[in-house]
Amino acid sequence: MMKLFENMLVMRMAYWLRDNDFRSFFIAWKRFFHAIKKAPLRMRTRAIRKLPLKRPRMAPEFCARHIGFMERSVFMSGRSDENYRPDEAYGSDENYRPDEAYGSDENYRSDEGCRNDEYYMQRAIALARRGEGAVHPNPMVGAVLVKDGRVIAEDYHRVYGGFHAERGCLLNCREPAKGGTLYVTLEPCCHYGKTPPCTDIIIDSGVRRVVVGTKDPNPLVSGRGIQILKDHGIEVVCGVCREECLELNRIFFHYIRTGMPYVTLKYAMTMDGKTAAASGKSRWITGEAARHRVHEERGRHRGIMVGIGTALADDPLLTCRLEGQKSPVRIVCDSALRLPLSSKLVQTARQTPLMIATACTDEARRAPYMAEGCQLINVPRDDGGLKLDVLMRALGERKIDSILLEGGSTLAWSALKAGVVQRVLAFIAPKILGGCQAPGAVGGPGAESPDAAFKLKLRHTEPVGCDFLMESEVISDVYRDC
Ligand code: AOF
Ligand code: ZN
């Protein structure tokens, strides 16, 4: 009997240790000694049975009803309900500890009185960011469940095709969610996609209030998720930390609304606006820190694009050279198909995908590129270049939701003119090159007068090593009504 008693205890303790939940572990020990001291063996066994397991707290039927098709296979493959842990299902974030998610502001955390809707939404935003790089082209979403002033569960969308944040959070719950408030950075979905509607699990869980960061512009949701929750008597508050939630998913919002990638135009220039000397030499305008930052940006984007002029002049590789970072798909705008077959881009097409956007339809000229593993995209001509809106749509169809446009100046102008640029990253070196013939960051015919200039909204400035970064948004209303 004593052996059984010990085994039960050890099993339960193991859960907390595995989760690094030392607090629960020590509380359990305290209760255990209390039980040992005071109770007869029969009672001691019962006392230990009552010790709560960290997770899951949801009834098995609840879990079974709300686990999607993909997750069900994991769930059914010999894994008992008791042993189910969302962390294991994905295995993607070993270091995930719910409490660390918002550990940056100690004073804020220690003051219970400050814990309002904004506080919990900020926590959900911090969680959502953990999905960066793993969930695209879907959104980064975080969810926090609060009951009686305590966070009782939280989760985030971890991997493309996996649990949505709300579902992960509710299945992760340590106690019944009934009567609680769910904070979620994006309106809960109400459609069957890779998982069933999140509105179903929320309604079933008995949550009393749902606080939403922004509406979901996905036409399959678009306000209906909120309406369904309201129709079931759940109080819904929308727009808490709205600006931050919009910023969090600016790529998703743009992509889902337009079907085109979110394009960031990036260039490095001197203080007099030159990207190379009159001789054409451009290595290097900015210092090492700025160049490292560019590689980080490459790692964050799904595509990196240059014009044929840059490809011919620099023979670049366009890969991300940071350890552990995946290189984006490389795209060259080459209307007349002039890219040399011997270029580094073509020669590495089998290791890092290369797409060539071209108006050339001559099969004999296209074939050698395809033989080297390049993908060719047919795009009609426009003013000597390519119709960039057509190209962007074609890239969107290939699930490329973000592009870093790295020049040159002709393509930069054409992209701005075509209205396909959303953000501009300008690295500015404290140098002056001078020279009337030295190229600038944006070429083309240019605007006729200052009034006709492209208007940007400054979002962020930052020194990067010995250089300076200015980040601006091209003014557009594309996702302002979320
Ligand atoms: C997510 N994660 O946490 C939430 C999403 O492709 P599916 O079936 O996973 O559905 C994706 C859509 O679900 C997405 O476009 C968005 O509208 C909605 N919410 N998506 O990937 C989440 N909450
Ligand atoms: Zn959902």
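The values are calculated or read from the model by the stated rules, or taken from the named source; none is laboratory data. Model, not experiment: these values are computed from the prediction. For neighbour counting, all protein chains shown are included, and Cβ atoms are generated from backbone atoms with ideal geometry for every residue, glycine included.
The criterion of at least 1 residues that are farther than 25 Å from His295 by Cβ and within 26 Å of the chain's Cα centre (by Cα) is met, among strands (runs of 3 or more DSSP E) falling completely within the stretch 396-482, by 456-464. The number of residues in the stretch 156-184 that are more than 8 Å from ligand 1 (Cβ to nearest atom), closer than 21 Å to Val221 by Cα and either of a type in the set (D, E, K, R) or out of contact with any Phe, Trp or Tyr (no Cβ under 8 Å at 6 or more places or on another chain) (or both) comes to 4.
The number of residues in the stretch 261-289 that are touching a Lys or Arg at 6+ places or on another chain (Cβ under 6 Å) and closer than 21 Å to Ile304 by Cα comes to 1.
Among the residues of the stretch 208-225, is any in contact with a Pro (Cβ under 8 Å, 6 or more places away or on another chain), away from ligand 2 (no atom under 14 Å from the Cβ) and at pLDDT below 95? The answer is no; no qualifying residue exists. Among the candidates Ser335, Ser342, Ser327, the residue that is under 25 Å from Ser282 (Cα atoms), of a type in the set (Gly, Ala, Ser) and within 30 Å of the chain's Cα centre (by Cα) is uniquely Ser327.
Only one entry of Pro137, Pro188 meets the criterion of being surrounded by fewer than 24 Cβ atoms within 10 Å (Cβ to Cβ) and touching a residue at least 40 places away in the same chain (Cβ under 8 Å), and that entry is Pro137. The listed residues are Gly384, Gly373, and the only one of them that is out of contact with any strand residue (DSSP E or B) (no Cβ under 7 Å at 6 or more places or on another chain) and modelled with pLDDT of 95 or more turns out to be Gly373.
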